[in-house]
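Since the structure comes first, as structure tokens, the remarks are kept for the end.
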Amino acid sequence: MHRLATLNDPVPQLTDETRAVLGSIPAWWAGRAQRAGLPSPWRDWRRALPAAPVELIRGTDALARASAYDLGCAYTTSLLSTDRLQHGCHYTPQVLAQALWKELRNVPSGRTEDPAAGAGALLLPAMRRRVRGLRSQSPQKALTTIANEFVGSDLDPCAVWLGNAILAAELLPIWAALPQAEREPLRPILHVRDGLEVRAGSLNAVTVLNPPYGRVRLDDAARQRWQHALYGHANLYALFLAAAIERTAPGGLVGAVIPTSFLGGAYYQRLRALLAERAPLERLLVVGERSGVFANGVQQETCLAVFRRASTHGRVICARQTVNGTVHRESLGRPRLPLNGYGHRPWLLPRSPEDRLLVRRAGRLTATLASYHWRVNTGPLVWNRHKPQISHERSAAAVPILWAADVSPERVAPAPARDAQRWIVLQARDDFMRLAEPAVLVQRTTTPEQPRRLIAGYLDAHTLERWGGVVVAENHVNVLRCTRSQGSLTPRVLVALLNSNTLDRLYRCLTGSVAVSAYELQALPFPPKATLHAWDRLADEQLAAVIERFYG
């Protein structure tokens with residue numbers, strides 16, 4: 001959890017529920033201190049922790065007995081939904097925090113930092129393990145070691161205070177072992193500061209983060225600062241990942257809980273190139289069937305990614321972990337990422353066990369749509385910019401609008417649900433929007449619950465004539481046109497490929513987004529010419545089977 005200073009509102013509005021969560025800390029701390037063997041006067045949180053950033057009220061009895069993770073989760077979910085949405089706030093569940101540390105292998109010694117720490121969930125597993133390893137040291141030396149080896153940042157002072165209480169509670173047995181005269185307040189692990197700021201000093205051995213997700217508008221200075229990792233829109237998690245690479249020492253690890261969209265989206269091509277060059281992906285754990293995992297409803301497909309700074313580029317150890325009810329981990333193999341300056345391209349990686357052979361075979365193919373002279377464009381009509389020109393009534397000057405709902409594998413035909421906005425009267429400046437030639441059409445946006453990502457149809461000459469000879473494609477439609485009249489990849493075979501279960505699975509292995517972009521369509525690997533020529537002689541009902549056999 002983190003708030004970016006450029007959003008001009010770093011402190012959330014405290015609800016009564018939020019105040020109750022913070023107010024539970026005194027009783028929660030006293031219980032932990034008692035179990036650590038501290039006498040009554042030393043169970044007061046004020047003896048060990050920094051001052052609270054707000055006046056504390058009486059908390060709830062249930063939270064006074066809660067686990068560390070439940071406290072952090074309760075704080076995040078108590079915030080206003082508008083705050084959570086605006087600042088990308090989400091709490092790392094215990095199951096994902098523990099899973100990330102299992103993926104961090106061959107960890108070098110040194111400092112561990114979380115630049116978007118929130119209440120410290122990602123630092124907690126490593127800190128607990130480190131505390132157990134320091135039992136043989138003197139209490140004073142053990143406390144100094146922990147304070148030097150763990151650090152975190154966040155702009156929310158309440159989350160930082162809560163996180164310091166949660167992390168400090170792990171040190172209570174060591175603190176209790178000190179002579180009373182040497183028992184000074186514990187050094188805070190977390191600090192109120194921007195996790196993206198440039199700081200001088202030594203680099204981290206490990207950087208862990210569950211950064212905020214969401215687009216952000218950057219000023220000119222910030223865009224210049226991050227231009228090496230940005231292409232088009234800026235997403236907060238991409239900035240944090242790039243900053244984590246900068247703050248990690250050669251040989252060190254970066255472990256992140258992030259959306260899978262960075263694996264394939266056009267906006268992340270510079271970030272992929274940066275990672276491929278400076279910190280290659282070493283391990284990828286796709287989080288599947290995660291209903292109820294995130295308490296505040298994170299919708300993006302999520303993964304745990306481990307990068308090693310300044311390592312040689314090699315294979316990626318891929319796995320899938322389902323956390324719906326019970327934790328189950330499945331191996332997905334060891335695919336290889338693009339090499340030799342092609343790291344910016346979408347990374348084709350399996351998302352489920354049945355994808356392993358598919359990814360291996362598809363990775364050997366070099367042809368793309370461009371190889372067969374197909375170009376992909378997004379439908380040019382952004383309907384809400386042309387509202388006065390759009391009507392449900394046909395006029396002599398009107399042209400039909402082709403919507404995503406009109407596209408299906410069976411046919412391209414007007415969907416009744418879109419009849420209220422079926423016609424547009426084009427101005428002279430709008431002539432570029434006219435589509436007066438056959439084209440393959442692909443729906444551009446799907447939903448997470450849809451069984452398919454790729455839904456394609458063919459607007460052939462006969463169908464186009466039925467529409468009046470000219471249409472305008474709305475911008476939720478991808479328009480694919482071939483620049484050669486006799487190409488090796490015919491529209492019929494292309495539509496069969498795009499509508500096959502095999503290509504749908506392959507597309508999902510390129511991206512975690514529900515949007516079907518021109519960029520990722522152009523990255524799909526296609527068969528060689530000889531294979532396509534052979535397929536073009538087959539009947540329609542035979543194509544699906546041969547496509548599946550070819551890709552495996």
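The values are calculated or read from the model by the stated rules, or taken from the named source; none is laboratory data. Computed from a predicted structure; not experimentally measured. Note that each Cβ is placed from the backbone with ideal geometry, even for glycine, and that neighbours are counted across all protein chains shown.
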*asked:* Where the second residue is buried (at least 16 other Cβ atoms within 10 Å of the Cβ) and not in a loop (DSSP other than H, G, I, E, B) and the first is on the phi < 0 side of the Ramachandran plot and without any contact (Cβ under 8 Å) to a residue 40 or more places away in the chain and lies in the stretch 197-220, which pairs have Cβ atoms under 6 Å and are six or more apart or on separate chains?
replied: Arg215/Asn235
*Looking only at the stretch 153-187, and only at residues there that are within 38 Å of the chain's Cα centre (by Cα) and among the acidic types (Asp, Glu), the one that is farthest from Gly133 (Cα to Cα)*: Asp156
*Within the stretch 452-474, is even one residue modelled with pLDDT under 95, in the same structural domain as Lys529 (by TED's automatic domain parsing) and basic (Lys, Arg)?*
yes
*Do we find that Val493 is surrounded by 15 or more Cβ atoms within 10 Å (Cβ to Cβ), free of Cβ contacts under 8 Å to residues at least 40 places away in the same chain and of a type outside the set (D, E, K, R) in this structure?*
no
*asked:* It is to be established whether one or more residues within the stretch 396-409 are of a type outside the set (A, V, I, L, M, F, W, C), surrounded by fewer than 16 Cβ atoms within 10 Å (Cβ to Cβ) and more than 35 Å from the chain's Cα centre (by Cα).
replied: no
_Which numbered condition in (1) modelled with pLDDT under 90; (2) over 24 Å from the mean Cα position of the chain (by Cα); (3) not charged (D, E, K, R) is the only one that Thr77 fails?_
(2)
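Any residue in the stretch 347-355 that is among the basic types (Lys, Arg), under 30 Å from Leu285 (Cα atoms) and in contact (Cβ under 8 Å) with a residue 60 or more places away in the chain? Steps first, please.
Our first condition is that a residue be among the basic types (Lys, Arg); within the stretch 347-355, this holds for 351.
Adding the requirement that they be under 30 Å from Leu285 (Cα atoms) leaves 351.
Retained after the next criterion (residues that are in contact (Cβ under 8 Å) with a residue 60 or more places away in the chain): 351.
Scanning the stretch 347-355, I find at least one residue that is among the basic types (Lys, Arg), under 30 Å from Leu285 (Cα atoms) and in contact (Cβ under 8 Å) with a residue 60 or more places away in the chain, so the answer is yes.
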_Among the residues that make up the stretch 81-97, is at least one of them closer than 17 Å to Pro188 by Cα and either among the β-branched types (Val, Ile, Thr) or in a helix (DSSP H, G or I) (or both)?_
no
*Would you check if there is a residue in the stretch 85-106 being over 24 Å from Pro157 (Cα atoms) and of a type in the set (Lys, Arg)?*
yes
*Hey, Ala147 surrounded by fewer than 19 Cβ atoms within 10 Å (Cβ to Cβ), at pLDDT 95 or above and out of contact with any Gly (no Cβ under 6 Å at 6 or more places or on another chain) or not*: yes
*Between residues in the stretch 512-525 that are among the aromatic types (Phe, Trp, Tyr) and residues that are at pLDDT below 95, which pairs lie under 6 Å by C-beta distance while being six or more apart or on different chains?*
Tyr519/Ala266
